[in-house]
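The values are calculated or read from the model by the stated rules, or taken from the named source; none is laboratory data. The structure displayed is predicted, hence computed values, not measured ones. Backbone-built Cβ (ideal geometry, glycine too); neighbour counts: all protein chains shown. These area figures cover heavy atoms from the full protein model, side chains too; ligands, DNA and RNA do not enter into them. Shrake-Rupley method; radii C 1.70, N 1.55, O 1.52, S 1.80 Å.
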Amino acid sequence: MNEHDSERIAGLLEADGLEATDDVSDADVVVLNTCCIRENADNKLYGNLGQLKAVKAARPGMQIAVAGCLAQKDRALIQKRAPHVDVVLGTHNVGAAVDLLHRAELEGPVLEILEESDTFPSALPARRDVGWAAWMTIQIGCDNRCAFCIVPAVRGREISRPFDELVDEARALAEAGTVEVTLLGQNVNSYGRDLTLARRSAGEAVRVRPLFADLLRAVGAVEGIRRVRFTSPHPKDLRPETIAAMAETPAVCEHLHLPLQAGSDRTLAAMHRGYTAERYLERLAAARAALPDLAVTTDLIVGFPGETDDDFERTLEVVAEARYDSAYTFLFSPRPGTEAAERPDDFVPPAVAAERFERLRVVVERSALARHEARVGRLEEVLVEGPSRKDPDVLTARTRQNKLVHFRAEPLAPGTLADVLVTGAAPHHLTGELVAVTARPRHRTRIPVAAR
Ligand code: SF4
C-alpha cells in the first residue's frame, strides 16, 4: 500500500514536470514516504533526514517532503526535530503533495495533515516502474481494531474505491500490456461495504452493494489480464462468494494469503481478531475444497502480550494443521498508540519469544518444503521477473501460486509468460527447466494512469 502511494506521489511529481533521478544530490525534490508498520520507522526517518540535511545545504532550493503514516502520526514533531523539512503531509492528502511543495516555496515549511479522506483518491496519476504487473488500491483505511496494529489510527476508516473506476483502470492497464494486477486493501473482503451498485433484476433497477467477489470476477474478465492477485483478506470476512469467485474466474490466481496471527483462541480474542482457530480452519478447508491447487500463506505474531506456553503450543498445532506454503513470522514489538503497547507487564521475555519464534520457523519451513516438494515434476506457468540477484544467468519468475522459481535460460524480458518444469524444491523457492515461452511481454515501460 505504501509503495503504491509512492508510485502515486512520483506520478504527481512527473505530471508537474519533474523527472526521477537515482542521485539524491541531483534532486530538486526528495519525498520520504514513511511506513510505521515497520519497527524503528522513526529512527530510520530521522537518520535519513540527518543525511539529507547536508545534501540540502550543498544544493540550495532542494525541497524535502515527508509523507506516509509516520507523518500522519508524528505531525509537527517532524519539523521540530528536522527544521530543514519543507513539507509534512499525511496519508489522506497524498494528492496535495505538489500543491504543498509549491506553497512551501513561497511560504516556507508547510504542515498539512487531514483526519480522514472524504473520498477515494483515485484520480491520481501513478508512475509505475514495472509495466507488466500493477497494484490497484481498491480500498483505503480499516474499520477493524486489531490490538497490535497502528493502521486504523494512521489510515482512517475504510473507504472503497468505486467499482466501475477499478474495472476501467484494469482495462486501461490491460490495453497498455499489463498482465497481472494485485488488488490492495487492508481488508479486501469488506470491499464495497460503503458502496452501492445499480443492477437490473427482473427488469427493475435495484441497488445492491458490490461484493469483493463481484470485483474479482469483473477484473478477471478484463481481456488481457492473465493474473489477478489480492491482499489481504481478513479471515473473519472471507465469504463463500469470494471463494466461489476465485474458483470460477480463471484469471484469479490459486493463492490465498490468510493472516492467522495466532492459533490460541485466548490470544486471538485479546488481539480482537474476530475468529477462533476452528472457524479459521473451517474457512481454509472450504477454500481448499473449492480450489484444490490453492497455495496458502499467512502472517503470524509470536510473543503477543500475555501469550503463554500453552497459547504458543496451540499456534504450532494450528500452523501444522493449516499446512502453509509459507508464512511471514514476526516477533511482537509494540507500536506506540496501539492497545497491545499498553500492556508492558504482559510482554513475553525476549529470550522466550526468540525460542518460540525459532520453533515456529521450523514448523513453517517443514510444511513449506513438503508443499514445494509436491510440485516437483509439474509443469507450471510462470511470469518472468528478471535475472536472479545472485546469478545473472538464472532467471527468476513466479508461478500462479506466487512461488519463486529459478531456472537457467537465455535472457527473457520481464513480463514474459513461460512454461517451466519444476525439478527441485526448497522451503522458499522452486527450481526448474524452461520448456516453452508462451507469451512475450507487450507493455510499455511506464504506464501513466490518467486522471479522470
Ligand atoms: S484488519 Fe487488523 S491488522 Fe489488518 S489493517 Fe485492520 S486493524 Fe490492522
Which lysines does residue 80 reach when only Cα atoms under 23 Å apart count, and residues fewer than 8 places away in its own chain are ignored?
44, 53, 56
For the range 302-385, with only Lys/Arg (+1) and Asp/Glu (-1) charged at the beta-carbon, what is the dipole magnitude about the Cα centre, in debye rounded to 20?
320
Can you send over the solvent-accessible area of residue 53, 1.4 Å probe, protein chains only, in Å² to the nearest 10?
120
Round to a whole angstrom and tell me the spacing of the C-alpha centers of the range 145-185 and the range 1-51.
21
In whole percent, what relative contact order does the range 1-70 give with Cα contacts below 8 Å and a gap of six or more residues?
40
Amide H partners (placed H, <5 Å) of residue 34, local residues excluded:
67, 68, 69, 70, 71
Residues of the range 240-270 with backbone N under 20 Å of the label point set 7 Å from the Cα of residue 195 along Cα→Cβ are 240-253
Taking placed amide H atoms and a strict 5 Å upper bound, the residues 5 or more places from residue 255 or on another chain that come that close are 295
With a bin width of 5 angstrom, please list the P(r) values of the range 168-294 as percents of all Cα-Cα pairs, from the 0 bin to the one holding the largest distance.
2, 10, 18, 20, 18, 14, 10, 5, 2, 1, 0
The range 1-134: radius of gyration and largest Cα-Cα distance (Dmax), Å:
14.2, 42
Work out from phi, with θ = phi - 60° and the Karplus expression 6.51 cos²θ - 1.76 cosθ + 1.60, the ³J(HN,Hα) of each residue of the range 395-409, listed in order in whole Hz, and give x for Gly and Pro.
9, 10, 9, 10, 7, 4, 7, 6, 8, 6, 10, 10, 8, 7, 6
Please tell me which of these pairs span more than 30 angstrom C-alpha to C-alpha: 236/403; 73/403; 73/390?
73/403; 73/390
Summarise the accessible area of the chain (1.4 Å probe, protein heavy atoms) by the percent that is carbon and sulfur.
51
Report, by chain and number, residues whose modeled amide H sits under 5 Å from the one on residue 395, excluding near sequence neighbours (fewer than 5 apart, same chain).
388, 407, 408, 409
Solvent-accessible area per residue for the chain at a 1.4 Å probe radius, Å²?
46
With point charges of +1 on the Cβ of Lys and Arg and -1 on the Cβ of Asp and Glu, referenced to the Cα centre of the chain, which listed residue (163, 90, 438) lies farthest in the positive direction of the dipole?
438
Distribution of pairwise C-alpha distances over the chain, 10 Å bins, in %:
4, 18, 27, 28, 18, 4, 0
Length-normalised contact order for the chain - Cα pairs under 8 Å, 6+ apart - percent:
12
Starting from 0 in steps of 10 Å, tell me what percent of the Cα-Cα pairs of the range 299-392 lands in each bin.
14, 34, 27, 17, 9, 0
Karplus couplings for the range 33-50 from phi (6.51 cos²θ - 1.76 cosθ + 1.60, θ = phi - 60°), rounded to Hz, Gly and Pro as x?
9, 8, 9, 8, 5, 6, 6, 6, 4, 5, 4, 5, 4, 5, x, 5, 5, x
Show me, for the range 349-362, the HN-Hα J-couplings you get by feeding each phi into the Karplus relation (A = 6.51, B = -1.76, C = 1.60, θ = phi - 60°), rounded to Hz, glycine and proline as x.
x, x, 5, 5, 4, 5, 5, 5, 4, 5, 5, 5, 4, 4
With charges only on Cβ, +1 for K and R and -1 for D and E, what is the dipole size of the chain about its Cα centre, in debye, rounded to 20?
420
